[in-house]
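The block underneath contains the structure these notes are about, expressed in structure tokens.
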Amino acid sequence: MKRNGILLMLLIVGITAMAQAPMDPKDIMKKSRDQSKLSGLESKTTLEINDGKGNQRIRVTAMASRIFPDGTEKRAILFLSPADVKGTGILIWDYEGKEDNMWIFMPALRKSRKIVSSEKSRNFMGSEFSNADLAVENIDDFTYEMDGTETIDQELCWKIKVKPGTSQIASENAISMKTTWISQKDFMPRKTSFLDPEGKPWKEMSFSGIKLMDAKNDKYFISQMEVRNLKNGRFSKMNMTEMVYNPNVKEEYFTLAFIEKQ
């Protein structure tokens, strides 16, 4: 009886220790990425560009995304207004475990151009978002370090330092490090801060409007993002509306032929 009591105590201690064991930051980032991988989505997005001096530009886009059997996530973005950007198209293919592909179609040129790795850090269509912000980064391209916890927007979050794994990755993204706050409730990001190549604060991105889009598979999606440039005071906002979960988004949307004929 005494021996059984000791074994029971050891079992309880072991279970408690397992429950209190800290999660690996890389596993948290993987979980966060998986949480937002919807099998299919269609939406409209308003892109608000502010120059920090009271001047504002508004651009409206239609977006579709779909995950294919091989794990590739494809996205198509078409600009609907204003007139000077109407017809511009962006096509993104995010692969599992290798570098993604991104193309842009400019109506004035009547042809598509591939965006190369060295252009990842460039501003997206005049906003403070970069091309890299629109792509899904490869988890193995970065290293991860837990930096405690912090409450963001009333959500207890893991605070994780993310560093480029190689000098090439650092150069392509134009960062030396970024810090991401991941909610312990739903594993979705609430905030990301970026340091430039010299280690100085560059920009901050916040995430809100997080919605449960696929209840069956517990998948969420971020409907609102804001990025602020800490150096020049400029900021941009993305607000997704008319979001529809659709696993059967037409495959033809994710081709160059489709974005070029719009």
>> Running a GNM on the chain with Cα contacts under 10 Å, which residue among S130, S32, S167 ends up with the highest mean-square fluctuation?
In response: S167
> Which entries of K161/K231; K98/K120; K191/K250; K26/K250; K37/K159 show an alpha-carbon separation above 24 angstrom in the structure shown?
Replying inline: K191/K250; K26/K250
> Can you sort L156, L41 by how many other beta carbons sit within 10 Å, fewest first?
Replying inline: L156, L41
> So for D100, D140, fewest C-beta neighbours within 10 Å to most, what's the order?
Replying inline: D140, D100
> Exposure proxy check: R110, R190, R122 ranked by fewest other beta carbons within 10 Å?
Replying inline: R110, R122, R190
> Near the amide H of T88, under 5 Å away, which other amide H atoms are found, from residues 5 or more places off or on another chain, if H is placed in the peptide plane?
Replying inline: F79
>> Over the range 38-260, what is the relative contact order in percent, taking alpha-carbon pairs closer than 8 angstrom and at least six residues apart?
In response: 22
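Laboratory data are not the source of any read-out in this text; all were calculated from the coordinates shown. Predicted model only: the values in this text are computed from it and were never measured. Using ideal geometry, Cβ is built from the backbone for each residue, glycine included, and neighbour counts are taken over all protein chains shown.
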